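Undergrad: Just dropping this structure here.
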Amino acid sequence: MKPYYLTTPIYYVNDKPHIGHAYTTLACDVLARFKRLDGYSVKFLTGTDEHGQKVQAAAEKAGVSPQEFTDTVSQNFRDLLVVMNFSNDQFIRTTEIRHYKSCQAIWKRLMDKGFITLDKYEGWYSVRDEAFFTETELVDGKAPTGAPVSWVEEPSYFFNLSEWQQPLLDYYEANPDFIAPESKRKEVISFVSGGLKDLSVSRTTFDWGVPVPGHPEHIMYVWLDALTNYITALDWQEQGAEFEKFWPADLHLVGKDILRFHAVYWPAFLMAAELPLPKRVFAHGWWTNEGQKISKSLGNVIDPLRLVDEFGCDQTRYFLLREVPFGRDGDFVRSSFIQRINSDLANDIGNLSQRTLSFVFKNLEGILPAVPNLLQHEDEQLLVAADGLLDTVRTSYDQQAFHDGLKQIWEVVAAANRYIDQMAPWALRKTDPKRMADVLGVLLETIRQVAILLQPIMPNSAEQLLDQLKVKSDERNFDRLGGSDRLIAGRKIDKPSGVFPRFSEDETS
Ligand code: MSP
């Protein structure tokens, strides 16, 4: 089986999980599930970024040690995985011993090669972004993100990032798919073309982090520490078999705010350490809430646990990936969410499957009919569309265009709804029962393919649909799609029940 390794950013534990965390991990989860069903051996990594001044400050504020603090808060992120039905293969924490070893090993490599040297840092630092800024980068005395900055003067080790400008530009040019979407790729290229400054990679004014080997008064810069998680998880420092199998990563999925760290710093560290570079870094956009920037001070943070509680897990997963083209910024509008639940899910696919299955249950004694051998023009049209879905959806997902993949699936659902109305099996019941069974066979086969393809997005609902269609669990992989396989006739279904409930606002609340 071909390997496929994909990662989420590791999340800072100074805060509760919010929609941003859920969004990045969701996209990875969908891809991980898709690839598994498509015959890959997948490793899907997520975790928490537990060091740095920001976390240390949050622990102090909470009146506990940083370790106790991170133990507690890191658990919130693991809880989110369960609630959102994420299928990660590993959860890494940067406070693990093996991660310390891995960071120190990469540090030693860079140091031995002469790429890290001791000097002195003088400049602006934003704790919130855990990033350094030059005077000219500041906007009204703040970081470009609006975070406060403070003047820092301390001895520091520097990584010779400036020397990697040309190798990075050459790499971007030789690997046009390395950074996506295209607009973001252009931004990175223009940033790097503008020249790179050497990067301060150690701090001495706090101690919550990985000590620099041989100089424990220095703590490694949190981003060097954090980025290294992607190879720690494969036990690269112990020459683990997983490193051999899964590195370089197929995809680092990140939010647009942290693209620079992944598309500039990380590849430079890796080149310097003579390790292969990841194949792709994709930056998604940011959500706003009903038109407003999401911020704690505005009190409009969207809690994914509440969304799941109110609307359902699969509904939330579907909405987040269907509503906004992946890679663009998007606005969370409650009424649009409800609209999608009722129209795309309850009406389009929910009704299609419910009325088809009920009809079979009532009129064919619940025995699944076969897909006919002799197809009429309309049957063929619908089946050709269903058979072609895997290829088009795969192409979209490989480009992280989840919204496009979903649109294509819904086009087939719409075609099936037109087909059922046009063929009117209820009218055929008396006049031509053989044709009625054929029409139902074509419909059920279309629903089967759609349900198999929807597993990565809505695992529970797709499972229920496939259960109702009596598709066994070993018949749900993508090698069963595309016309090479058909619905197995003759199995007896149970009385079907609706899989996609309507959502109505509770008038009393
Ligand atoms: N610890 C670093 C990542 C290190 S990776 C080696 C970090 N952590 S974070 O907790 O701040 O990450 C948050 C993630 O959530 C980022 O991918 C960010 O883009 C994403 N989002 C934060 N707010 C968001 C929205 N409002 N909308 C969508 N995603 C957002 O950065």
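Any read-out appearing in this document is the output of simple, stated calculations on the displayed coordinates, not a laboratory observation. Just so it is clear, the model here is predicted, and its values are computed rather than measured. So basically every Cβ, Gly included, is an ideal-geometry build from the backbone, and we count neighbours across all protein chains shown.
Undergrad: To the nearest 0.05, how large is the calculated FRET efficiency for GLN376 and GLN339 if R₀ is 35 Å and r is the Cβ-Cβ distance?
TA: Computed FRET efficiency for GLN376 and GLN339: 0.50.
Undergrad: So for MET220, MET84, MET1, fewest C-beta neighbours within 10 Å to most, what's the order? Walk me through the numbers on the way to the answer.
TA: Details: MET220 25, MET84 22, MET1 9.
So the residues, fewest neighbours to most, are MET1, MET84, MET220.
Undergrad: Provide the gained length on full extension for the span THR288 to ALA147, in nm with one decimal, where the gain is 0.36 nm per separating residue minus the Cα-Cα distance. If you can, show how the numbers build up before the last one.
TA: Details: separation 141, 0.36 × 141 = 50.76 nm, distance 1.81 nm.
Between THR288 and ALA147, full extension yields an extra 49.0 nm.
Undergrad: Would you order SER193, SER156, SER87 from fewest to most other beta-carbon atoms within 10 Å of each residue's own beta-carbon?
TA: Details: SER193 12, SER156 21, SER87 16.
Taking fewest neighbouring Cβ atoms as first place, the list is SER193, SER87, SER156.
Undergrad: Now a separate question. As a check on your grasp of the helix formula, calculate [θ] at 222 nm for the chain: sum -39500 (n - 2.57) over DSSP H runs of n ≥ 4, divide by the residue count, round to the nearest 500. Each step should come with its number before you reach the end.
TA: Values: 19 runs with 229 residues, N = 509.
Helices in the chain give a 222 nm mean residue ellipticity of -14000 deg cm²/dmol.
Undergrad: Can you compute 3J(HN,Hα) from phi for each residue in region 164-181, using the Karplus curve 6.51 cos²θ - 1.76 cosθ + 1.60 with θ = phi - 60°, rounded to whole Hz and x for Gly and Pro?
TA: Whole-Hz 3J(HN,Hα) from phi for region 164-181: 9, 4, 5, x, 5, 4, 5, 5, 4, 5, 6, 10, x, 8, 4, 10, 9, x.
Undergrad: At a threshold of 8 angstrom on Cα-Cα distance, excluding pairs fewer than six apart, so keeping six or more, what relative contact order does the chain reach in percent?
TA: On the way: 798 pairs, mean separation 77.9, N = 509.
Here the relative contact order equals 15 percent.
Undergrad: Using only the C-alpha atoms of region 334-508, find the volume of their convex hull and express it per residue in Å³.
TA: Values: hull volume 22.4 nm³, N = 175.
Output value, Cα hull per residue: 128 Å³.
Undergrad: Run the quick spin-label model on SER162 and ASP494: label points 7 Å from Cα toward the beta carbon, then report their separation in nm to one decimal.
TA: Placing both labels 7 Å beyond Cα along the Cβ direction yields 7.0 nm.
Undergrad: Then there's this: With unit charges on the beta carbons (Lys and Arg positive, Asp and Glu negative) and the dipole taken about the Cα centre of the chain, which residue among HIS99, ASN342, VAL210 sits farthest to the positive side?
TA: ASN342
Undergrad: Tell me, what is the FRET efficiency for ASP329 and ALA174 to the nearest 0.05, using R0 = 30 angstrom and their Cβ-Cβ distance as r? Write out the running numbers ahead of the final one.
TA: Working: r = 30 Å, r/R0 = 0.99.
Efficiency at R0 = 30 Å is approximately 0.50.
Undergrad: Let me ask you something else. Taking only the alpha-carbon positions of the chain and ignoring solvent, what does the Debye formula give for the base-10 log of I(q)/I(0) at q = 0.10 Å⁻¹?
TA: -0.83
Undergrad: Given R₀ = 56 Å, what would the calculated FRET efficiency be for LEU298 paired with ASN477, taking r from the Cβ atoms and rounding to 0.05?
TA: 0.80
Undergrad: Running Debye on region 197-353 with equal point scatterers at the Cα sites and no solvent, what base-10 log of I(q)/I(0) appears at q = 0.20 Å⁻¹?
TA: With one equal scatterer per Cα and no solvent, log10 I(q)/I(0) is -1.21.
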